[in-house]
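Notes follow once the structure below has been shown.
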Amino acid sequence: MEENTLKMWMPVTKTASGKLVGILSDTSIDRDDEFMTKDLLVDWAKNTSLKALANHENKMEKWVGGWSNLKVVEKGGNFALVGEPWFFSKEANPLAEQIRLQVLESIEKGENAGISIGAIPKETMEKTCSDKKKRKDMLKQNY
């Protein structure tokens, strides 16, 4: 994983109809005082599917699935990229099945199931926010 890769933890939940839905990223300020811009989230949503990798390892055996039905939603002036996770079959990748079951079981137990997102910024911009702190806006990402 490249040194400038951002890592974030985002929740996955189950809808009333039984579908899994997750927030892949949002415009809130993260623990490193950085945030994704709405434009970047909209750009991500244009993809038909984003890959899901185990432990941010870009290796074939760590490719466990992906995200589909991507869309940007707005609530109270904040924006989030949401999508539905899909996993490879246990025949294609046993690790994918293990992760899928861990997500389902953690939700059943009331735990905060989540995913870790890794992004490699292609373009950033520093700006001073209303609290007078300087923060990095993530404008574009390498895919």
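What follows draws every value from the coordinates through simple rules; no lab data is involved. Bear in mind that the values here come from a model prediction, so they are computed numbers and not experimental data. Every residue, glycine as well, gets a Cβ built from its backbone with ideal geometry; the counts of neighbours run over all protein chains shown.
Label separation (MET60 vs LYS14): 3.4 nm, computed from points 7 Å beyond Cα along the C-beta direction. Pairs exceeding a 31 Å alpha-carbon distance, out of LYS109/LYS133; LYS59/LYS133; LYS75/LYS109: LYS109/LYS133; LYS59/LYS133.
For the stretch 80-92, the Karplus equation 6.51 cos²θ - 1.76 cosθ + 1.60, evaluated at θ = phi - 60°, returns couplings of 9, 9, 10, x, 9, x, 10, 10, 5, 5, 5, 6, 6 Hz by residue, with Gly and Pro reported as x. For GLY65, the residues whose modelled amide H falls within less than 5 Å of its own, excluding neighbours fewer than 5 places apart on the same chain, are ALA52, PHE88. Phi angles of the stretch 65-77 translate, via the Karplus equation with coefficients 6.51, -1.76, 1.60 and θ = phi - 60°, into HN-Hα couplings of x, x, 10, 10, 6, 6, 7, 9, 10, 10, 8, x, x Hz per residue; Gly and Pro are given as x.
For THR37, the residues whose modelled amide H falls within less than 5 Å of its own, excluding neighbours fewer than 5 places apart on the same chain, are MET138.
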